[in-house]
Amino acid sequence: MIPGAFDYHRPASIGEAVALLAQLGDGARPLAGGHSLIPVMKTRLAEPENLVDLGAIAELKGIALHGGDILIGAMTTQHALIASDLLAEKLPIIRETALLIADPQVRYMGTLGGNVANGDPANDMPALMQCLGAGYRLVGPAGEREVAARDFYQSAYTTALVAGEILAGVRIPVPPIGHLYAYEKLKRKIGDYATAAAAVVLTMAGGKCQTASIGLTNVAPTPLWAEAAAKALVGTMLDKAALDAAARAAEAIADPASDGRGPAEYRKKMVGIMVRRAVERAKTRA
């Protein structure tokens, strides 16, 4: 439970952090909240020679409205997401999801950037970001670029980040006023990773679903944007037939592993149920 020896660096700017990562090479790892990296360092599954702590970089923190987008710095904690009046007004599903992550002690230190950047399919925010059509701001030696959350995840713990890049922020288009939402998460106990989970955002008009988006957590090697499941809802009154079709479409793309949370067949079935529950609960917010 004791990490290997490492050198500690605490840059004050994004430019300094990027330069350090480039200078130190493959033996360096950026450190956000530490809830993913520190445990694997303690078990010696990861032994970086250098840690580059991003905690002192003020420009990586904060939540702001810019035009039609919400901009969130990568080092913004889950606690700050929960406490944000702006998110409560514009994107309340972020607060709802953050409250289901681990426990208060973790949420005080854990960051949005850390949750979405390391490619763990069990993390809650990646599927939500896919559901919301978010973009990730990546900064590295070659400059700055944006990658859509739906294109960012390649396999378990493998993402579009290249050597020396850090995820600096998240841009989320603000959904229409009056949009409906829910994040449903099945877990074994409080604070656990999901057995299966689903994020749903939709709009209604005239009693029918006009738009829908669905993200799925921890039922594949990557988070999943369930495009076919969402399309099954559009144009319907969100009746039983529509919910059945959406659940089947979600189950069809799920590829969970059998583990301590249950056999693959069970987890595949549960993601369909999470989609159904999320849509039903979102509908009650109309």
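The values are calculated or read from the model by the stated rules, or taken from the named source; none is laboratory data. None of these values were measured; they are calculated from a predicted model. Neighbour counts run over all protein chains shown; Cβ positions are idealised from the backbone, glycine included. Protein only, heavy atoms only, side chains kept; ligands, DNA and RNA dropped before computing areas. Shrake-Rupley method; radii C 1.70, N 1.55, O 1.52, S 1.80 Å.
For region 162-183, which positions are more than 14 Å from the chain's Cα centre (by Cα) and within 26 Å of V271 (Cβ to Cβ)? Across region 162-183, the qualifying residues are P173, P175, H179, L180, Y181, A182. Residues in region 14-50 that are charged (D, E, K, R) and in a helix (DSSP H, G or I): E16, D26, K42.
One line per residue, one yes/no per condition, for (1) open to solvent by less than 30 Å² (accessible area, probe 1.4 Å); (2) more than 18 Å from L138 (Cβ to Cβ); (3) modelled with pLDDT of 95 or more:
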| site | (1), (2), (3) |
| --- | --- |
| A17 | yes, no, yes |
| L37 | yes, yes, no |
| N50 | yes, yes, yes |
| K61 | no, no, yes |
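With respect to (1) out of contact with any Asp or Glu (no Cβ under 7 Å at 6 or more places or on another chain); (2) under 25 Å from G143 (Cβ atoms), the lone exception for P104 is condition (2).
Does at least one position in region 4-13 carry a residue that is open to solvent by less than 30 Å² (accessible area, probe 1.4 Å) and either closer than 20 Å to D120 by Cβ or not in a helix (DSSP H, G or I) (or both)? Yes, region 4-13 contains a residue that is open to solvent by less than 30 Å² (accessible area, probe 1.4 Å) and either closer than 20 Å to D120 by Cβ or not in a helix (DSSP H, G or I) (or both).
The criterion of being within 25 Å of F152 (Cβ to Cβ) and part of a helix (DSSP H, G or I) does not hold for A220.
Every residue, every condition in (1) free of Cβ contacts under 8 Å to residues at least 12 places away in the same chain; (2) aliphatic (A, V, I, L, M), yes or no:
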| site | (1), (2) |
| --- | --- |
| R10 | no, no |
| I14 | no, yes |
| A17 | no, yes |
| Q23 | yes, no |
| P30 | no, no |
| N50 | no, no |
| G68 | no, no |
| Q78 | no, no |
| P104 | no, no |
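Once region 86-139 is narrowed to residues that are touching a helix residue (DSSP H, G or I) at 6+ places or on another chain (Cβ under 7 Å) and farther than 19 Å from T217 by Cα, the residue that is most open to solvent (accessible area, probe 1.4 Å) is Y108. A count restricted to region 153-177 and to residues that are farther than 21 Å from V219 by Cβ and open to solvent by 60 Å² or more (accessible area, probe 1.4 Å) stands at 5. Scanning region 194-208 for residues that are in contact with a Ser or Thr (Cβ under 7 Å, 6 or more places away or on another chain) and surrounded by fewer than 24 Cβ atoms within 10 Å (Cβ to Cβ) turns up T203, K208.
Can you spot a residue in region 244-255 that is on the phi > 0 side of the Ramachandran plot and modelled with pLDDT of 95 or more? Among the residues of region 244-255, not one is on the phi > 0 side of the Ramachandran plot and modelled with pLDDT of 95 or more, which makes the answer no.
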